[in-house]
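The structure under discussion appears below in the form of structure tokens.
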Amino acid sequence: MRILKICRRSLMIIILIIAVKMFMPTWTPHIKSENSISELGQVELNGAGHEVMIRGADRNNPIIIFVHGGPGCSEIPYVRKYQKELERKFTIVHYDQRGSGKSYHFFNNYSNLTSDLLVEDLLELTDYVTKKLNQDKVLLIGHSFGTYIGIKAAAKAPEKYDAYVGIGQVANTVQSELDSLVYIVEQAKQAGNWDDAEKLDSLQKSIERGEDTTPRSLVRKYGGAARLINENKDYFLGFLVSPEYNGLDAIRYFRGVSVSQNVLLEEERKNNIPRIVDHLDIPVYFVMGEYDYMTSLKAAKTYFEAIEAPEKHFIRFEKSAHYPQFEEKEQFMKWMNLNFGNINNVKSLQSRLQQ
């Protein structure tokens, strides 16, 4: 009987913990600094509620807007783990895109979801942030599918941005998927996993026709997604312990992925970004991991060579796959600080010289 009582009590405690986590208020930890900012909450953008997180040690520092990928894969649940040093030099804005994560609203209709709509949301977010922080421009950084949205926004309204940075830049979808296929097949054969290799070989024709993709589970299995981090573990722990997300938000996250991925990835396949954006009027940086086979380095390099811009740079992180900003976060911070840490001082000097 005593054991039964202990089991019942333990079960009740577990149920209580789950219930509390499910509906607990969400927040983002305070940054201890005189002029810091640390905010998390809903902002109305382009007629829809968006979850926006703004963090930085000094609100006068250069602003970065990060555009998450997926589609639908918010990075708010775990990103603080990787950006502590960046927060000292930059004011960093993350947001859950329309229909994604905490920006997914139950019973809303997302049948009209397109990348152009997400671009308009991003442009309105940019205006909101610059007005709030009393700055003229921001640095725009897209990651993975977020580069599809980000580069279109930079092309449409270059006056809003200091520069565009594409991490895991999407390019010609078929070329990228074929690069992934060749690499993963080779890795599977080297590992003696002939079933995987045979499965992949059977997909080649459909990938060449743009009808299929290299299975992401196998890209992850053979190191083409992440090599120095465990992104699935990051999400799991983020959903479990992050104060920015509660249990209900985790449900929103998975619902958002289900409504956004198929429609937006289909749009990307039918409308390759190199045909849409062939020039930018601001500096362009493509940042790629050497082992990235979610969005292949080779395809991104082909796009980089074709795109026209007043200034452009192609940067390789030699130990990373699809997440160089996380996998090599110290090196990424050094690169960011070197290239953009002084950007507000430069703009201030240019403004004074023009007066």
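Remarks
- Of all residues in segment 21-57, those that are surrounded by fewer than 17 Cβ atoms within 10 Å (Cβ to Cβ), acidic (Asp, Glu) and closer than 28 Å to Asn337 by Cβ total 2.
- Residue in segment 245-268 that is of a type in the set (A, V, I, L, M), surrounded by fewer than 19 Cβ atoms within 10 Å (Cβ to Cβ) and under 21 Å from Leu118 (Cα atoms) present: yes
- Pick from segment 204-238, criterion closer than 13 Å to Asp179 by Cα and of a type in the set (A, V, I, L, M, F, W, C), ranking: nearest to the chain's Cα centre (by Cα): Val219
- Taking first residues from segment 154-165 that are on the phi < 0 side of the Ramachandran plot and partners that are small (Gly, Ala, Ser), the Cβ contacts under 7 Å between residues at least 6 apart in sequence or on separate chains come to Tyr161/Ala154; Tyr164/Gly150; Tyr164/Ala154.
- Residue match in segment 266-276 (condition: under 16 Å from Tyr164 (Cβ atoms) and either of a type in the set (Gly, Ala, Ser) or at pLDDT below 95 (or both)): no
- Yes/no for Leu178 being without any contact (Cβ under 8 Å) to a residue 60 or more places away in the chain and crowded, with 19+ Cβ neighbours inside 10 Å: no
- Taken over segment 194-211, the criterion of being in a loop (DSSP other than H, G, I, E, B) and surrounded by fewer than 16 Cβ atoms within 10 Å (Cβ to Cβ) is satisfied by Ser202, Arg209, Gly210, Glu211.
- Restricting attention to segment 77-89, the residues being outside any loop (DSSP other than H, G, I, E, B) and among the hydroxyl-bearing types (Ser, Thr, Tyr) number 1.
- So Tyr303, is it out of contact with any strand residue (DSSP E or B) (no Cβ under 7 Å at 6 or more places or on another chain), buried (at least 16 other Cβ atoms within 10 Å of the Cβ) and closer than 22 Å to Pro215 by Cα: no
- Filtered residue count, segment 93-120, keeping only those that are surrounded by 23 or more Cβ atoms within 10 Å (Cβ to Cβ) and of a type outside the set (Lys, Arg): 11
- Those residues of segment 212-227 which are closer than 25 Å to Ile76 by Cα and either surrounded by 15 or more Cβ atoms within 10 Å (Cβ to Cβ) or small (Gly, Ala, Ser) (or both), in sequence order: Ser217, Val219, Arg220, Lys221, Gly223, Gly224, Ala225, Ala226, Arg227
- Single residue of Ser111, Ser74 found to be touching a residue at least 60 places away in the same chain (Cβ under 8 Å) and either part of a loop (DSSP other than H, G, I, E, B) or acidic (Asp, Glu) (or both): Ser74
- Condition met for Thr214 (of a type outside the set (D, E, K, R), touching a residue at least 60 places away in the same chain (Cβ under 8 Å), more than 18 Å from Pro324 (Cβ to Cβ) and in a loop (DSSP other than H, G, I, E, B)): yes
The values are calculated or read from the model by the stated rules, or taken from the named source; none is laboratory data. Since the model is a prediction, treat every value here as computed from it, not as a measurement. Neighbour counts run over all protein chains shown; Cβ positions are idealised from the backbone, glycine included.
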